[in-house]
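The values are calculated or read from the model by the stated rules, or taken from the named source; none is laboratory data. Because the structure is predicted, anything quoted here is derived from the model rather than measured. In this analysis, Cβ positions are derived from the backbone assuming ideal geometry, glycine residues included, and neighbour counts consider all displayed protein chains. The accessibility values were calculated without ligands, DNA or RNA, using every heavy atom of the protein model including side chains. Shrake-Rupley method; radii C 1.70, N 1.55, O 1.52, S 1.80 Å.
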Amino acid sequence: MKNFFQFAERNTNYKQETLAGITTFLSMAYILVVNPLILSQAGMDKGAVFTATALSAIIGSLLIGLLANFPIGIAPSMGLNSFFTFTVSIGMGVKWEVALTGVFIAGVLFVILSLLKIREKIINVIPQDLKHAIAAGIGFFVAFIGLKNAGIIVGSEATFVSIGNLTSGPVLLALFGFIISVIMMVRGISGGIFYGMVIATIVGVFTGLIEKPAAIVGSVPDISPTFGVVFNHLGDIFSPDVLAVIFTFLFVAFFDTAGALIAVASQAGLMKDNKIPNAGRALLADAGSAVAGAVLGTSTTASFVESSAGIAVGGRTGFTSVIIAACFSVAMLFSPILSVITPEVTAPALIIVGALMATEISKINWSNLAVIIPSFVTIIMMPLTFSVATGIALGFILYPLMMLGMGKVREVHPIMYVLGFLFVGYFIYV
C-alpha cells in the first residue's frame, strides 16, 4: 500500500496521512448537517439527502484518492446547493426532481469533457502567475469563511462587514482554538490543527458552549425518496430555463474544482512544470462523483477547499482521501455526535490554512503590470463575491486583455482568449 500511494516519494507515513484525513473530515463534516437543511427547503426529504450526502462524499473521496492519489475530500458543494435551492427551485420554480436531473446531465457532460482531456488541457494552459493567484485567492476566501463562521466577522448594513462581538462565548471558543492550534504549530507539533480542534471541542462541551449530543449512535436514514429520481425526468430538461441551469452548474463546478485542485497541488508541493500530475484522473473522479451524487439525490459535488486543512497537517497522498471516506462511513452511524463539530470549532483551522495558502502571493511576478492586475482581481474577488469561480472568471477576462494591450498576443495560449470571451458572455447572460 505504501508503494501504491507513493509514501516514500512524497515523504509521508500512515500516521501523518491518517491525521490529515481526520482533520479534513472534521473541517468538512458540517456538510452532513447543512446540505440536508438547505436542500430540504427545495422540498427534498432531509433524511434521504443526509444519506446521499454521506455516500457521495465516500464515493468521491475514494475515487480521487485511488484514481489520482490526491489528498482531497469531495462532497456536495456549498455554493451549488444554495444555487440549487434558492435560485433554481424557489426562484425559478423548477421542481427539485427536474433540477436534480439537470445536475445529473451536467455531471455526465463533466465525465465526457474529462475523458476527452478538455478540462485537463484548460487547467494546464493557465499561466503560472494566475495559478499562484488562484491558490492565494482561495486562501483569503477560506480564511474569510473561517472568520465568518467564528463570528469574528459579521454582516453590517453600514459597512457590509464588521467585527463581531469578541466577548461572546462562541467567538471566545474559536479564538481559544485558534491560539492553541497556532502555538502547537510554531512549536513544531505535528497535527497541531487537528489537536487544536479536539481541545476546543472538549472545552466547548465542558463549558456548555457546545451542547452534548443526545445519543452516540443513530440509524441511517432511508435514501429511497431521492435515489434514482433523475431517470424519471430526463425528458424535462429541454426547456430554456433548465438548459441555463445545466450550463451554470457546469460552469461553476468546473472552475470551483479547477481552483481547488490548483490550490491543493500547490500547497502540497505536487505541481511540476506548471502542471498537476494525474490531473486528468482527478477531474474524472470529480466528474464521476457528481454523476453518482445526482443519482443518489444531492446537488453537484466538488473538491473541497477545506482539504487544505489536512494538507497543512501533512496529507500528501490519496490515502488521506481514503481516511476521509472512512470517516464519512462512520459518520453515517454516529450522526448524533456530529452536533459537537460546530462552525466555531472548525473556524480556526480554516483561518490558519488560509494564511498558509496566501503565501502563494510571493510567487507572483509583481513587477509585470499585465500580471499584477488580473492576479489582484482574482485574489480579492473570491472573498468579496464569495465565489471561487467568479474570481477565476474575472482574472481570465483581464489577463488576455492586458496582454493584448501590451502587444504580447502570442504569449497567451488561444484557449485563454476563448475562455475570456466565454466568461464575458456568461456575465452578460447571467
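In table form, for the structure just shown:
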item: Over segment 223-276: Rg over Rh, Cα atoms, Kirkwood Rh; result: 1.23
item: Solvent exposure ordering (accessible area, 1.4 Å, most first) of F160, F423, F194, F227; result: F160, F227, F194, F423
item: For the chain: relative contact order, % (alpha-carbon pairs under 8 angstrom, 6 or more apart); result: 35 percent
item: Value of [θ]222 nm, deg cm²/dmol, for the chain, DSSP H segments ≥ 4, -39500 (n - 2.57) each, nearest 500; result: -21000 deg cm²/dmol
item: Proportion of all alpha-carbon pairs of segment 273-430 beyond 25 Å (%); result: 48 percent
item: Sequence-distant residues sharing a close amide H with A75 (under 5 Å, placed H); result: A302, F304
item: For the chain: accessible area per residue (Å², 1.4 Å); result: 41 Å²
item: Net charge dipole size for the chain [Lys, Arg +1 and Asp, Glu -1 on Cβ; Debye, nearest 20]; result: 920 debye
item: Inverse mean reciprocal Cα-Cα distance (Kirkwood Rh) of the chain, Å; result: 21.8 Å
item: Charge tally in the Cβ shell below 14 Å around F304, where Lys, Arg are +1 and Asp, Glu are -1, F304 excluded; result: -3
item: Accessible heavy-atom area order of R410, R119, R316, highest first, probe of 1.4 Å; result: R410, R316, R119
item: Cα-derived Rg over Rh, computed across segment 158-296 with Rh taken as Kirkwood radius; result: 1.09
item: Rounded to the nearest 10 Å², the accessible area of K117 at probe 1.4 Å; result: 130 Å²
item: Sequence-separation-based contact order of segment 20-159, relative, with Cα cut under 8 Å and 6+ spacing, percent; result: 17 percent
item: Whole-percent carbon and sulfur share, accessible surface of segment 156-269, 1.4 Å; result: 68 percent
item: Net +/- balance of residues flanking F319 in space, Cβ distance below 14 Å, scoring K and R +1, D and E -1; result: +2
item: Simple Cβ-charge dipole of segment 203-321, Lys/Arg +1 and Asp/Glu -1, about Cα centre, in debye nearest 20; result: 480 debye
item: Heavy-atom accessible area ranking, 1.4 Å probe, most first, across D241, D273; result: D273, D241
item: For segment 1-120, the fraction of alpha-carbon pairs in successive 5 Å shells from zero, as %; result: 2, 10, 16, 19, 16, 14, 11, 6, 3, 2, 0
item: Percent RCO, i.e. relative contact order, over segment 286-430, from Cα pairs under 8 Å lying at least 6 residues apart; result: 13 percent
item: Surface accessible to a 1.4 Å probe, W366 within the full protein complex, Å²; result: 100 Å²
item: Kirkwood-Stokes translational diffusion coefficient of segment 167-215, alpha-carbon pairs, 4 °C, 1.567 mPa s, µm²/s; result: 116 µm²/s
